[in-house]
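Structure, as structure tokens:
The values are calculated or read from the model by the stated rules, or taken from the named source; none is laboratory data. Everything numeric in this text was worked out from a predicted model, so none of it was measured. Here the Cβ positions follow ideal geometry from the backbone for every residue, glycine too, while neighbour counts run over all protein chains shown. Remember, those area values only see protein heavy atoms, side chains included, never the ligands or the DNA or RNA. Shrake-Rupley method; radii C 1.70, N 1.55, O 1.52, S 1.80 Å.
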Amino acid sequence: MSDWIDLTRKLDEHLWIYRDGAYADPPFAAERWAERHSAGFEVWRLSLGTQTGTHIDAPCHFADGGATLDQLPVGACVGSYRLVSAGHLTDPAFRLDCAGATHLLIDARAPLRAATAAIDALLALPPPMIVTVGALQVAHDDPLWFHRRVAQAGKFLAEDTLEDVGEFAHSGDVIALPLRLTGVSGSPARVLVRARESAPG
């Protein structure tokens, strides 16, 4: 079988934290809580936000009344992806046959601007989760328009993945597993993909 590509960013002191004006997401911290020499075991305390590092956004992150993270079925976290490139999304007449895919993997590393009509066509497709690699740019004045549309469509979005990972196969397997949190807008997640092994000839 092909090797898994880990798209997950490391949670460490070098992690980029989202900031916009006076707002900033909670900082990430990992602090030793218990020592083996005193407690007999080692435990660390973690401090982070729901959208820290590579994470999954639930619809309620941007949409009033949207689904919370715990409404994402665990079966929707593991499946098969269909690749969509940033170039595909520049075409307002974008259409895609994603039969059998449970996830859409958007390779947005090219500096191209997606057409809003293409995004709407993408979001009308059945897969409940979208995984983005790179920051998708859209031909719209609102820099968060894509996120708002994803949430309004009731989709879950895995983002802030690693970008220096080479090229992706046209289709493959995907795992995007959040923590089992309830009532929240998202969670850090482990996101992995691999090329689908060809069926025996």
Can you give me the C-alpha center-to-center distance between region 106-152 and region 11-47, rounded to a whole angstrom?
31 Å
Heavy-atom surface of the chain, accessible at 1.4 Å and reported per residue (Å²):
55 Å²
What number, rounded to the nearest 500 deg cm²/dmol, is the helix-based mean residue ellipticity at 222 nm of the chain, given -39500 (n - 2.57) per DSSP H run of at least four residues and division by all its residues?
-2500 deg cm²/dmol
Give me a comma-separated list of calculated 3J(HN,Hα) values for region 154-159, in order, Karplus coefficients 6.51, -1.76, 1.60 applied at θ = phi - 60°, integers in Hz, x for any Gly or Pro.
x, 8, 9, 10, 9, 8
Got a sec to turn the phi values of region 90-97 into Karplus ³J(HN,Hα) couplings, 6.51 cos²θ - 1.76 cosθ + 1.60 with θ = phi - 60°, whole Hz, x for Gly and Pro?
6, 8, x, 8, 3, 9, 8, 8
Spin-label pair residue 190/residue 24, simplified geometry with 7 Å Cα→Cβ offset, distance in nm
3.0 nm
For the chain, the percent of accessible surface on carbon and sulfur atoms (probe 1.4 angstrom, ligands and nucleic acids excluded) is 53 percent
List, in order, the whole-Hz ³J(HN,Hα) value for each residue of region 144-153 obtained from phi through the Karplus relation with A = 6.51, B = -1.76, C = 1.60 and θ = phi - 60°; use x for Gly and Pro.
9, 4, 4, 4, 5, 5, 4, 5, 5, 7
